[in-house]
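The structure under discussion appears below in the form of C-alpha cells.
Just so it is clear, none of the values below were taken in a lab; they were calculated from the coordinates. Please read all numbers here as calculations on a predicted model, not as lab measurements. Backbone-built Cβ (ideal geometry, glycine too); neighbour counts: all protein chains shown.
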Amino acid sequence: MHHAWAASVVRSPLLLDAVQAAIGPDVAVENTFLVMKWPGREFEVPWHQDGIDARIELDPLRSVAAWLALTDASEETGCLHVIPGSQRAGYLPFGPEADAGQSRGRADTINAAPSGRPLPVPVRAGRAVLMDMRLLHRSGSNTSDGARVGLNVRYVAPDGCLRRDPTCPSLVPVSGTGWSSTPLKGEESST
Ligand SMILES: O=C(O)CCC(=O)C(=O)O
C-alpha cells in the first residue's frame with residue numbers, strides 16, 4: 001500500500017464494486033502482499049484459509065479476500081486450487097507448518113487434512129477472484145519459464161477484525177463514510 005500502483009489497484013472501481021457487493025459500502029484494506037513464483041523454483045503454498053492465522057482472525061461475513069493476477073496464473077505457472085464449499089466448515093485449527101520443506105513463505109497452515117475435490121482456478125493477468133475468508137486453497141510451484149505474480153488483498157468492513165496483532169500495519173480505509181465514526185476494531189494505533 002506504500003506503492004502508488006498498489007494503492008490504486010486496491011481501489012479500482014470494478015474490484016471495489018465486487019468487494020462492496022460482498023461486505024457493504026464501508027471497506028478498508030487490512031493487508032496486501034505479493035506472492036512471486038519465479039520460474040524453475042519450487043514454491044508451494046500449502047492449504048490454508050486467508051481469514052485466520054497467528055496474527056489475525058477476520059469475521060468471514062465482514063471481510064473478503066481478493067487474489068489479483070498480475071501475470072497469467074495457470075496450472076503450469078502455479079495458480080490457486082480451491083476446495084469449493086469448504087468455507088461451510090468454518091475456520092479449521094491451524095498451526096506452524098509440520099514440514100517446512102513442503103513450502104516456504106507461510107507461517108501457519110491448517111492441521112487437518114482437507115477433504116473435498118480441489119479445483120484449479122486459472123486467472124488471466126488483470127483479472128481477480130474474490131474468496132470467502134474460510135475457503136481452503138493452496139497453490140503449486142511454477143513449472144513454466146516465466147514469472148507468476150499475484151497480489152493478495154484482504155478487505156474488511158467495520159468490525160471485520162475479530163482479532164488483530166497490534167504489530168500489523170494500520171487498516172487503510174478505501175471506501176464509504178463509516179470509518180470516521182466507527183472505531184477500527186483491533187486497530188490501536190490508527191490516527
Ligand atoms: O499466490 C499464491 O500462490 C497463493 C497465495 C495465498 O493464497 C496466500 O498466501 O494467502
Among GLY78, GLY176, GLY160, which one shows the biggest mean-square fluctuation in a GNM of the chain, springs joining Cα atoms closer than 10 Å? GLY176
Take peptides 134-142, 53-61 and line them up by average Cβ neighbours within 10 Å, highest first, as a rough protection proxy. 134-142, 53-61
Helix 13-23 sits off the longest principal axis of the Cα atoms of the chain, rounded to the nearest 10 on a 0 to 90 degree scale, by 80
With a ≥ b ≥ c taken as the square roots of the eigenvalues of the C-alpha gyration tensor of the range 1-88, please select rounded if a/c is under 1.5 and otherwise prolate if a/b is larger than b/c or oblate if it is not? oblate
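Over all distinct Cα pairs, what is the inverse of the mean 1/r for the range 4-181, reported as the Kirkwood hydrodynamic radius in Å?
16.6
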Would you calculate a helix-derived [θ] at 222 nm for the chain, using -39,500 (n - 2.57) for each DSSP H run of n ≥ 4 and dividing by the full residue count, to the nearest 500? -2500 deg cm²/dmol
Taking placed amide H atoms and a strict 5 Å upper bound, the residues 5 or more places from LEU136 or on another chain that come that close are ILE83, SER86, GLN87
